[in-house]
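Colleague: If you scroll down you'll find the structure; I have some questions about it.
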Amino acid sequence: MGVLSGFADKRMRKLTQKAKRFGVFAFLSASLILGAGMDLGAEAAKKKSKKKAPLPEVSVDEILSPNPMLLLDVDTGKVLYHRNGNQKWYPASLTKMMTAYVTFRAIASGELHPDSLVEISPHALSYPPSKMGFKVGTRLTVDNALKMVIVKSANDIAAALAERVSGSEAAFARRMNDEARRLGMVSSNFVNANGIHRPGQKSSARDMAVLARAILIEFPQYRPLFQIPAIRHGKRILRSYNKLLESYAGTNGMKTGFVCASGFNLVAAANRNGRQLVAVVLGAPNTQSRAETAAYLLNRGFTQPNMVSGRGLSIAQSASFGPQLEPINMRPEICTKRSNPKWSGRVKVIGSYLEPRFKLMDPVRVYAGIKKKKGRVVMPAQLVHLPLAAPRAKGPLKLTQLRKAQSGGLISLPKPKP
């Protein structure tokens, strides 16, 4: 009995120790879980409080661009409003408007056709985005190339198009400058066909309005190209950067541009009640400011009594638009050291000159990768004059056929069986 009692006591002590250890473990586990839950709850509450924090509010007029701008009545050639119209500025991809204009003139003169082929060269492919990225040797039509340049703002396609028109991009740039001088674009100089930043590539709000007017008046058949809001290549849908196309009724083009040195540029054309206006905005701090500023200018042109048709200053009077000062480099204000735009958009803009987004049209299909046609088979000179063997008739020839052959006539062969 004593032995059994001692064994029972020993067993009970072990069970008690295990229970104590389990209790401590359970308590620690519960504490850890509870603590983690409290931490997660606090973190979630913190995140929730961050989401609830209201964004700072600013009026739409406070985000309008402070840099060069201009509003033009296309039909009369009168400038309804401008700020520093002659101030030189880096055009960025607004350059592609001149690329398109030179191409339109080349088509008009018979140098090429919309179905003429453009081939991607190593030089064209070497340009950074925005680009289509087709492999060297890829071929596409001039018509498709123009859509990619105007809508997608493809740098590689602009360079390839320049090479197709003039043989090299450098030769094309000379042609661009010749056209600029002919049009009276006194502040402009072009170095490349796509607007990749180069210190020597310059223009102005007034000059871009002159170019826009020339495109709209001389080549009305190409206006639909500038109105395309998106293109589709294969499964990719590539949208225009021009927000006004689907948020300002009557917009019919034209082109956006951005490099860090220039800020956000825009040439926007709109037609309401048969009146065609063009707004030029240079150096806006962000895309929203760029679009709102252009819409603001167009609204004033269409609605203000002092901006009715016939009013304004002739765009041909270049000296009336201020001094031709050298461009301001916007990089420190616009971009980080890694060339990313600084603006985060974390403000609530009260009011807008834009309209709720609407659908203008479905994406327009574009194509590339046309195969090269095989050349004609040229026979060696010594084989050209050899007589060709006549087809042999099946079975023995009839007497009439033999006589016809001997007289030099043609032998009628039996019809082949289907």
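Laboratory data are not the source of any read-out in this text; all were calculated from the coordinates shown. Quantities reported herein were computed from a predicted structural model and do not represent experimental measurements. All Cβ positions, glycine included, derive from the backbone under ideal geometry; neighbour counts span all protein chains shown.
Colleague: Which of the pairs K131/K359; K243/K371; K131/K348; K88/K131; K78/K243 have their Cα atoms more than 28 Å apart in this structure?
Modeller: In this structure, K243/K371; K131/K348 lie more than 28 Å apart at Cα.
Colleague: A follow-up question, please. Please list, in order, the residues from segment 126-149 whose amide nitrogen is less than 14 Å from a point placed 7 Å along the Cα→Cβ vector of F219.
Modeller: What the label zone holds, given the 14 Å backbone N cut-off, is 142-149.
Colleague: Arranged from highest to lowest average of other beta-carbon atoms within 10 Å per residue, in what order do the peptides 65-72, 328-335 appear?
Modeller: 65-72, 328-335
Colleague: If I stretch the segment between L183 and E62 completely, what's the gain in nm (0.36 nm per residue apart, minus their alpha carbon distance), one decimal?
Modeller: 40.0 nm
Colleague: Moving to a separate point now. Let me make sure I get this right: for segment 61-365, a, b and c are the square roots of the gyration tensor eigenvalues over alpha carbons, sorted descending. Under 1.5 in a/c it's rounded, otherwise prolate if a/b > b/c, else oblate. Which is it?
Modeller: Rounded is the answer for segment 61-365, as its axis ratio a/c remains below 1.5.
Colleague: Shifting gears a bit: With a 10 Å radius around each residue's Cβ, average the other Cβ atoms per peptide and rank 147-159, 281-293, highest first.
Modeller: 147-159, 281-293
Colleague: Cα gyration tensor of segment 260-301, axes a ≥ b ≥ c as square roots of the eigenvalues: rounded (a/c below 1.5), prolate (a/b > b/c) or oblate?
Modeller: In terms of gyration-tensor shape, prolate.
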